[in-house]
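The structure under discussion appears below in the form of structure tokens.
The values are calculated or read from the model by the stated rules, or taken from the named source; none is laboratory data. The model shown is predicted, which means the values in this text are computed figures rather than measured ones. For neighbour counting, all protein chains shown are included, and Cβ atoms are generated from backbone atoms with ideal geometry for every residue, glycine included. Side chains are part of the model used for accessible areas, which takes the heavy atoms of the whole protein and leaves out ligands, DNA and RNA. Shrake-Rupley method; radii C 1.70, N 1.55, O 1.52, S 1.80 Å.
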Amino acid sequence: MMKLALPQAVRVVEVGPRDGLQNEKVHIPTEQKIRFIELLAEAGLPVVEATSFVSPRAIPQLGDAGVVMAGLKRLSGTDYPVLVPNVKGMERALQAGVRSIAVFTAASESFTRHNINASIAQSLENFRPVLEMAQREGIAARGYISTVFGCPYEGAVNPRKVLEVARALLDMGVGELSLGDTIGVATPNQVVEVLDLLCGEGQIEMARLAVHFHDTRGTALANVLMALQMGVRTVDAAAGGLGGCPYAPGASGNLATEDLVYMLNGMGIATGVDLEKVVAATRFIAPLLDHAPASKYYQAWQASCM
Ligand code: COA
Ligand code: ZN
């Protein structure tokens, strides 16, 4: 039988409490956010991105970041990174006892302008002191690059721009890069093109790359499968398929953790994640939202309960 080049294990990075909830219109009480994060950690997810120390004016939903981190019962084996846009955010994060952060920029100028009111170059300069602080404190840093496969304002994005931003972030001390399909337009051939450029000509180690797909047009799992075949071992997902991005009009949810784990389980690829416990976390948060979770697995599970 033909042998496919697939990994034995995949590290799933849960972004629901941050990337998911930041885009929810209805106010979610702090205690419920804390419980949601705890349920996801209890499901065995090795990384649960908990919240965001950005300007509360920009993202009111996550204005309670300090209280969330203070109230969270942390499991020793779980990493709880937070988003940090500038020194002010880093100071708040340090005060809250954060041990792992993520900075974020994009591969398209107009998106960066809308999202963080800066050019890509300015955004990178803002991160320099943040990453220096992180290094001093022994805090791990991830770098998000948004709009890698397309931009809501500019359309096509040149993979060379992705490489340029990736190199700059790595040179500044970012340990891992998450390549984001912010508006969910990518198709598997683009995944090949981008990874090939970054790891071939760009000589970036595949182990430093994570992929972050949105399922807006139904291509997220196909893109994941292609990324796995190319050697990627870290995949971002959000419980229930929550989220999107407030600065990316029409961007529907992240790839759902349930859908990803279901596929990986079926393929015999280990994640350490208990799928039914992820469903339980989604079931906990769902009644607090003003819409049904987009996860296909979750919907099938619900239908089977009727
Ligand atoms: N935490 C809390 N408050 C912050 C802050 C932070 N990390 N960064 C800035 N602020 C406050 C400043 O104190 C200032 O408040 P004031 O007017 O009361 O003095 C105000 O926000 C404006 O600060 P400024 O430095 O001029 O920032 P800005 O208005 O240019 O905004 C960002 C830049 C990056 C801070 C802001 O756009 C932001 O937080 N964006 C987040 C976007 C996001 O999370 N998107 C989703 C991720 S994909
Ligand atoms: Zn996302």
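Is it the case that some residue within region 66-74 is charged (D, E, K, R), within 16 Å of ligand 1 (Cβ to nearest atom) and not in a strand (DSSP E or B)? Looking for residues that are charged (D, E, K, R), within 16 Å of ligand 1 (Cβ to nearest atom) and not in a strand (DSSP E or B), one finds none in region 66-74, hence no. Out of Arg113, Arg142, one residue alone is over 21 Å from Glu31 (Cα atoms) and either assigned to a loop (DSSP other than H, G, I, E, B) or out of contact with any strand residue (DSSP E or B) (no Cβ under 7 Å at 6 or more places or on another chain) (or both). It is Arg113. When Met69 is tested against the conditions (1) at pLDDT 95 or above; (2) farther than 19 Å from Glu258 by Cα; (3) surrounded by fewer than 18 Cβ atoms within 10 Å (Cβ to Cβ), the lone failure is (3). Contact map, region 295-306: first residue at pLDDT 95 or above, second residue buried (at least 16 other Cβ atoms within 10 Å of the Cβ) and among the polar types (S, T, N, Q), Cβ cut-off under 6 Å, separation 6 or more or different chains; pairs are Tyr298/Thr282. Going by what's in this entry, would Ile59 be described as within 14 Å of ligand 1 (Cβ to nearest atom) and open to solvent by 10 Å² or more (accessible area, probe 1.4 Å)? Yes; evaluated as a whole, the condition is true for this residue. Could you tell me which residue of region 239-253 is modelled with the highest pLDDT, considering only residues that are under 19 Å from Pro287 (Cα atoms) and within 13 Å of ligand 1 (Cβ to nearest atom)? Applying the filter and picking the extreme gives Gly243. Listed by first and then second residue, the pairs with beta-carbon distance under 8 Å, at least 6 apart or on different chains, first residue in region 146-173 and over 21 Å from Asp196 (Cβ atoms), second modelled with pLDDT of 95 or more and open to solvent by 90 Å² or more (accessible area, probe 1.4 Å), are Met172/Arg128; Gly173/Glu132; Gly173/Gln135. Considering region 148-183, the residues that are assigned to a strand (DSSP E or B) and under 15 Å from the mean Cα position of the chain (by Cα) include one that is surrounded by the fewest Cβ atoms within 10 Å (Cβ to Cβ), namely Glu176.
For Gln22, the conditions (1) within 27 Å of Leu264 (Cβ to Cβ); (2) more than 16 Å from ligand 1 (Cβ to nearest atom); (3) open to solvent by 20 Å² or more (accessible area, probe 1.4 Å) all hold with the exception of (2).
Among the residues of region 169-191, the ones that are more than 16 Å from Val103 (Cβ to Cβ) and charged (D, E, K, R) come to 1 in all.
Restricting attention to region 34-55, the residues that are in a helix (DSSP H, G or I) and open to solvent by 10 Å² or more (accessible area, probe 1.4 Å) add up to 5. Within region 215-233, the residues that satisfy the criterion of being outside any loop (DSSP other than H, G, I, E, B) and open to solvent by less than 10 Å² (accessible area, probe 1.4 Å) are Ala220, Asn223, Val224, Ala227, Leu228.
Can Pro129 be described as of a type outside the set (Lys, Arg) and open to solvent by less than 30 Å² (accessible area, probe 1.4 Å)? When the stated conditions are applied, Pro129 does not pass them.
Contact map, region 44-71: first residue in contact (Cβ under 8 Å) with a residue 60 or more places away in the chain, second residue away from ligand 2 (no atom under 16 Å from the Cβ) and not aromatic (Phe, Trp, Tyr), Cβ cut-off under 6 Å, separation 6 or more or different chains; pairs are Gly44/Gly272; Gly44/Val273; Gly44/Asp274; Leu45/Val273; Pro46/Arg11.
Scanning region 184-214 for residues that are outside any helix (DSSP H, G or I) and surrounded by 24 or more Cβ atoms within 10 Å (Cβ to Cβ) returns Gly184, Ala186, Val211, His212, Phe213, His214. With respect to the conditions (1) out of contact with any Leu (no Cβ under 6 Å at 6 or more places or on another chain); (2) away from ligand 2 (no atom under 16 Å from the Cβ); (3) open to solvent by less than 20 Å² (accessible area, probe 1.4 Å), Ala106 falls short on a single one, namely (2).
Of all residues assigned to region 10-24, none qualifies as being among the hydrophobic types (A, V, I, L, M, F, W, C), assigned to a strand (DSSP E or B) and touching a Gly at 6+ places or on another chain (Cβ under 8 Å).
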